[in-house]
1. At what distance in nm do the modelled label points of SER115 and SER165 sit from each other, each positioned 7 Å from its Cα along Cα→Cβ?
2. Taking the Cβ of ALA273 as the center, what net charge do the other residues with Cβ under 11 Å away carry, scoring Lys and Arg +1 and Asp and Glu -1?
3. Could you rank the peptides 284-296, 234-246, 392-404 by their average count of other C-beta atoms within 10 Å per residue, with the highest value first?
4. Figure the gain on full extension for ARG15 and ASN220 (residue separation times 0.36 nm, minus the Cα-Cα span) and round it to one decimal in nm.
5. Cut-off 10 angstrom, C-alpha nodes, Gaussian network model of the chain. Which of LEU372, LEU11, LEU222 fluctuates the most?
6. Report the Cα centroid-to-centroid distance between segment 177-241 and segment 244-258 in angstrom, as an integer.
7. For volume of the Cα convex hull per residue in Å³, the choices are [x] 214; [y] 187; [z] 143; which was calculated from the structure?
8. Give me the orientation-averaged projected area of the Cα convex hull of segment 350-416, in nm², one decimal.
Amino acid sequence: MPRGLGDIPSLRLERLQKFVTKFQTPPNLVLSSMFPSRQSDSSTIKWESQEGSRGMSPFKPAGAPTQKTAPLGVAEHSAEAAFWGDKMFFDEEFLNNLRKEGTESTYLSAEQRLSRELAKLVIRAKRRREWMFVKMLFSGSFDYDVKEGYKASVDYSLPSASSVSLGATARWNTGTNKDILGDIIDGKNHIEDECGGTVDYCICNSTVLKYLAFDETIQNLLSKSTFGSGDLFKGNVDKLTGVNPKVIAALLDIPNIIVYNERFEVREWLTGAVTGGSTTSISVADASDFEAGATLRFVDVSAGTYEEETIASVDVEASTVTVSSAPTASFKAAEDYVTMRKKYIGDTKFSMWCSRIDGEPISEYWEAPFGLDRHYGLKSDRWEDKDPDGVWIRIEDKGLPVLYQRDAVYNLTVEA
């Protein structure tokens, strides 16, 4: 390239970082933007969590020492901050078009593409942060890379009594003795009993919302309420079910109901050939984000075709994904790839929580410093490559969500 990166305004670091800073979290990523953030002094995150919060000061005689107290159920936690990022390469032709004079349409096209691709990198980084919040609140733990070849695990110690799986006869879709409203009231009462909090949020996807909306008991209550059964299908309705979630929330006496259908995608190149009709253990570059029970799509890049199989198990150490049945076609290593698309909140989950206990948030996101300049939060970077000519743009972030009140969350598995 005849000139350096500095003469391309759109690639100046200050402009790239300004874009990253101003880019808003997409509105469909709700959990990671719900709780406040703070900065950690180091990459090792330490915090205390507790169960229960209804302490009361004891009486004391005048002149007597004050009694020492401490929060109930306190647990100390320590974990290394997670580190993640992406980079993207822009070649010489693209960069020349970006600075080309006298051709406004070409310039704008390149400028728009740069903005679009940078937005993709930012959104991918924000999706990872959202994924961590989902795992913390609804699974209670997750694994992540800390150094090459080494993985860390963070366990938030969710109480077992706060994660309930309904029996076959009580399941919300197929149960012969289901009691959806009773199950939700039990969860609200459990949180109230354990920590004194009042549930102000519940979350599910459209599939579970449909179970709620068409439940006979709930329908009967709505027909007798001030809403009337017709209001359930009027106003700001969920686009997949035609149901107004606010009517359900009002009936449940939960101020906020989040209907969450957002998905994330995991894509990995095949590192071993897949022989049609026989190969069930699929070798990939990194298997850590794949999950058993999800659907694995095999993509033939040259043919433009794909087929899907169910993931039976995942071996992170061996970087393999085992499918329940071998695909019919064969797929090539280093040419074809597999993807997994999965909902953040599955079709079997209904969860509730109180966002604050005694006026304090139950969770925070801790930003950790990284880079030579001890940067906090999303950071952009770029550098030139000479063979082939081009430029790399990178987006990175480092941090960890923490949970202070372990018994403020109640998770229901409503279907098998």
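1. Between SER115 and SER165, the label points sit 4.9 nm apart.
2. Details: positive: LYS332; negative: GLU335, ASP336.
Once positives and negatives cancel, what remains is -1.
3. Values: 284-296: 16.8, 234-246: 15.3, 392-404: 21.2.
Highest-to-lowest ranking by the protection proxy: 392-404, 284-296, 234-246.
4. Values: separation 205, 0.36 × 205 = 73.80 nm, distance 5.73 nm.
Extra length available between ARG15 and ASN220 comes to 68.1 nm.
5. Maximum among the listed residues: LEU372.
6. Segment 177-241 and segment 244-258 have Cα centres separated by 6 Å.
7. Checking each listed value against the structure points to [x].
8. Working: hull surface 35.4 nm².
Computing the convex hull of the Cα atoms and averaging its projections yields 8.8 nm².
Read the figures in this text as sums done on the coordinates, not as results from a lab. Here the structure is a predicted model, which means the values were calculated and not measured. Neighbour counts are summed over all protein chains in view; Cβ atoms, including those assigned to glycine, are modelled from backbone coordinates with ideal geometry.
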